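Let me begin by presenting the structure, written as C-alpha cells, before commenting on it.
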Amino acid sequence: MENRIQGIHHITAIAGDAKRNFDFYTKTMGLRFIKRTVNFDDPQTYHFYFGDEQGTPGSILTFFPWGSAVRQGRRGAGMATEIGYSVPEGSLDFWVKRFEDHNVIYNKPAEKFGEKYLTFLDPDGLKLELIVPSSTDERKPFESGDVTAGVATRGFYNSTLTLNNIEGTARVLTDIFGYKQIAKEGNRFRYATDAIGTANIIDLVELPTEQRGLGANGTIHHVAFRVKDDAAQMDIRKKIVEAGLNITPQIDRNYFHSLYFREPGGVLFEIATDNPGFTVDEPLEELGKNLKLPAQYEPMRKKIEAHLAPLD
Ligand code: ZN
C-alpha cells in the first residue's frame, strides 16, 4: 500500500443507553462486538467497537454511550450525517422484514447513483443505510445467528457529510486525501479514492441554509480515515499542516494511533493507523468478551467497572 489515505478506518457516534446500543448492533445488525473498553478521555463512559470478525479497518463502528439522560442530538451542517454499509445483492428484502420484526424505523428501499439502498435509524435516531454496490463487495462477512453470509454487512460503503458549502471539505478530500469527484446527483457530490476498493466513498451534501448540527445522542462524532502505518500518517500530517489546518499530535488509542483535525466545513476528521489492531490486548476469539482498559486506568479498574452498566 502507498502512503495514501486508504478509505474509512472507523466511524464514531454517540449513543444513549449502553445496553440498548450493544443489543441493537450485535443482535439486530449481527455485527461482532470487537472491543469493550472506556473512553480514554473520560473513563466513566464505555467505548464500544463493532465490526467484522477481526475488526478490519473499514468495518469498525464505535460508540460512546453517554446514557439516556443526555439530550438528543440533531443532524445538521458541519457534521457527518449518514453511515452506509455495503450489503449483498438480493439482501434488502431480508433487512426490511428484520426491521419490521424488530420495530426499526426505515424507509422503503430507493435508488441513488444507480444503486439500491435502504435507510434506517438505530434506537438513538442515528441514520444508517444498507447499500447494494454495483460491483460485488468481496470482503468476508461476519455471520451471527440468522444474519448469514447472504445478507450480512460487508463493512462500510460510504459516509455522507452535510455542509453549508462543500468547497473547503472537497479540497481536503482531493488535495490532501487523494480523492476525486466521481459523480453528482442534485446537491450530493460523490468522492472516491482509488487507493483501495472498499469503504472508499465520501458523499458531500451541500445545503447552504441548513442549521449547524448538534452533537449529542444519535449523531456521528467523527469519521476516521485509514493509513497503513505511522510513516504514512506523518506524511498526511505534514500535508494537513501545510494546508494551514490545526491538527493534534499523534495520540495512542491502544488499537491504532490517531491524529484529529477539524476540516474547513466543521466535521471532525481523524487519521488512524492500521497498526497495531484489536488483538493487541486479547486473542481473536476473545475479542469483546472482557472489559479492556489502557494501562493508565488499570489501577482504577474496580471503580470504573462499578460505574459501567452490565451488558449481559
Ligand atoms: Zn476515532
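Just so you know, all these numbers are worked out from the coordinates, no wet-lab data involved. Because the structure is predicted, anything quoted here is derived from the model rather than measured. All Cβ positions, even for glycine, are placed from backbone atoms using ideal geometry, and neighbour counts span all protein chains on display.
At-a-glance table
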item: Identity of the residue in the stretch 31-75, part of a loop (DSSP other than H, G, I, E, B) and among the β-branched types (Val, Ile, Thr), that ends up farthest from Leu293 (Cα to Cα); result: Val70
item: Of all residues making up the stretch 262-273, the number that are within 15 Å of the ligand (Cβ to nearest atom) and buried (at least 18 other Cβ atoms within 10 Å of the Cβ); result: 8
item: Residues of the stretch 224-263 that turn out to be of a type in the set (Ser, Thr, Tyr) and not in a strand (DSSP E or B), as a count; result: 2
item: Qualifying position, being within 16 Å of the ligand (Cβ to nearest atom) and either loosely packed, with under 13 Cβ neighbours inside 10 Å or aromatic (Phe, Trp, Tyr) (or both), among Pro249, Pro310, Pro283, Pro299; result: Pro249
item: Selection from the stretch 201-223 of residues that are β-branched (Val, Ile, Thr), within 16 Å of the ligand (Cβ to nearest atom) and outside any strand (DSSP E or B); result: Thr219
item: Pair list, Cβ < 9 Å and 6+ apart or interchain, from the stretch 1-30 residues that are within 28 Å of Tyr260 (Cα to Cα) and part of a strand (DSSP E or B) to residues that are more than 16 Å from the ligand (Cβ to nearest atom) and charged (D, E, K, R); result: Ala13/Asp122; Ala13/Asp124; Ile14/Asp124; Ala15/Asp122; Ala15/Asp124
item: Residues being under 27 Å from Leu163 (Cβ atoms) and either among the aromatic types (Phe, Trp, Tyr) or in contact (Cβ under 8 Å) with a residue 24 or more places away in the chain (or both) - total across the stretch 254-263; result: 6
item: Residue list for the stretch 59-107, restricted to those being among the hydroxyl-bearing types (Ser, Thr, Tyr) and either more than 29 Å from Gln6 (Cα to Cα) or within 17 Å of the chain's Cα centre (by Cα) (or both); result: Ser59, Thr62, Ser68, Thr81, Tyr85, Ser86, Tyr106
item: When residues of the stretch 46-61 are limited to those that are more than 17 Å from Val87 (Cα to Cα) and surrounded by fewer than 22 Cβ atoms within 10 Å (Cβ to Cβ), the one nearest to the ligand (Cβ to nearest atom); result: His47
item: Residue pairs meeting the criteria (Cβ under 8 Å; at least 6 apart or on separate chains; first under 13 Å from Asn200 (Cβ atoms), in the stretch 166-181; second assigned to a helix (DSSP H, G or I) and among the polar types (S, T, N, Q)); result: Lys180/Thr174
item: Answer residue from the stretch 115-141, given it is farther than 24 Å from Thr12 by Cβ, in contact with a strand residue (DSSP E or B) (Cβ under 9 Å, 6 or more places away or on another chain) and not acidic (Asp, Glu) and is surrounded by the fewest Cβ atoms within 10 Å (Cβ to Cβ) among those; result: Ser134
item: Residue that is nearest to the ligand (Cβ to nearest atom), among those in the stretch 224-244 that are of a type outside the set (D, E, K, R) and free of Cβ contacts under 8 Å to residues at least 60 places away in the same chain; result: Gln233
